[in-house]
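Here is the structure we will look at.
The values are calculated or read from the model by the stated rules, or taken from the named source; none is laboratory data. Predicted model, so just to flag it, every value in this text is computed and none were measured. FYI the Cβ positions are ideal-geometry reconstructions off the backbone, even for glycines, and counts take in every protein chain you see. Calculation scope for accessible area: heavy atoms of the full protein, side chains included, ligands and nucleic acids excluded. Shrake-Rupley method; radii C 1.70, N 1.55, O 1.52, S 1.80 Å.
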Amino acid sequence: MKKKLVLDLDGVVFDSENLYRVYTEIYDVDVKKGNNIINNSERTFQKRYNWDKSEFSEFYNKYSKIILEKANIMSGAEIVIKKLLEYFDIIIVTARSDEEMKYALEKFEKVNLNSVKIYNNEHKKIDKFLEEKVDYIIDDDNIICINASNNNIHALYFKNSASDKLEENEYIKNVNNWGEIYRYLMMEENLIDKE
């Protein structure tokens, strides 16, 4: 029986989180006319800037569709996901809304994800991880990774270059690219063909 591997979409399969960084920087300079960064190591733009709620909404309404349409597949994901499907049952668990999922579904065939189980609108992912009895998750949200590890689920923290590393332990591993993900999972599960 294959082990279960959960993938997040934004910041893991798609480079949308990096695009959000680009567009928020442009917005802050061009619209806000300044430097309103509070903490650039924060993963989500809502925590990086001292904009008010209406400014966050204005930004999201103006740019989210553009970002999700333009988002590319993360380097290496196409290659590695295809290989991992041989060894793992892959599940998508994402906070994306039904509307936001449209942009992902259009690109899923390129990464061999068009026939995997998908849960979207998931804002408390740990419940779905436990319900599905998953073995591994890959997510770019440090809180989700810590929560998974606290529930004995192996979490690969796909670290954005600006975010802080997590302290590694038996259940948390920091990764920076899909090659590292492949190496870790193949070694951890002893799936290397030694012939």
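Taking the accessible area of the stretch 48-133, probe 1.4 Å, and keeping the other protein chains in place, the carbon and sulfur fraction comes to 47%.
Surface listing: Leu113, Leu85 arranged by accessible area from highest to lowest gives Leu85, Leu113, probe 1.4 Å. Candidates Ile126, Val22, Val12 compared by Cα position along the dipole of the chain: farthest toward the positive end lies Val22, with charges placed on Cβ. Here's the picture: a label point sits 7 Å out from the Cα of Glu189 along the beta-carbon direction, and within the stretch 1-27 the residues with their amide nitrogen under 17 Å of it are 1-8.
Restricting things to Cα coordinates, could you compute the convex hull volume per residue of the stretch 1-88 in Å³?
Values: hull volume 9.9 nm³, N = 88.
Normalising the Cα hull of the stretch 1-88 by residue number yields 112 Å³.
The antiparallel fraction among DSSP beta bridges confined to the stretch 37-195 stands at about 15%.
Set the bar at 30 Å for Cα to Cα. Now go through Lys4/Lys47; Lys53/Lys82; Lys70/Lys165; Lys32/Lys117; Lys33/Lys107 and name every pair that lies beyond it.
Details: Lys4/Lys47 32 Å; Lys53/Lys82 40 Å; Lys70/Lys165 27 Å; Lys32/Lys117 41 Å; Lys33/Lys107 35 Å.
Violating the 30 Å Cα-Cα cut-off are Lys4/Lys47; Lys53/Lys82; Lys32/Lys117; Lys33/Lys107.
Taking the stretch 51-65 and a reference point 7 angstrom along Cα→Cβ of His123, the backbone N atoms nearer than 16 Å belong to 57.
Using the heavy atoms of the protein chains alone and a 1.4 angstrom probe, what is the accessible area of the stretch 54-195 per residue in square angstrom? Spell out each step's value before the answer.
Working: 7890 Å² over 142 residues.
Heavy-atom accessible area per residue stands at 56 Å².
Taking 0.36 nm per residue of separation and subtracting the Cα-Cα distance, full extension of the segment from Asn61 to Asp98 would add 11.7 nm.
If the Kirkwood radius is taken over C-alpha pairs of the stretch 112-195, then at 10 °C and 1.306 mPa s the Stokes-Einstein diffusion coefficient equals 115 µm²/s.
Based on DSSP H segments of at least four residues, each scored -39500 (n - 2.57), the chain has a per-residue ellipticity at 222 nm of -12000 deg cm²/dmol.
For the stretch 76-158, the extents of the C-alpha atoms along the principal axes are 33, 30, 21 Å, listed from largest to smallest. Taking max minus min of the alpha-carbon positions on each principal axis, the chain gives extents of 60, 36, 32 Å, largest first.
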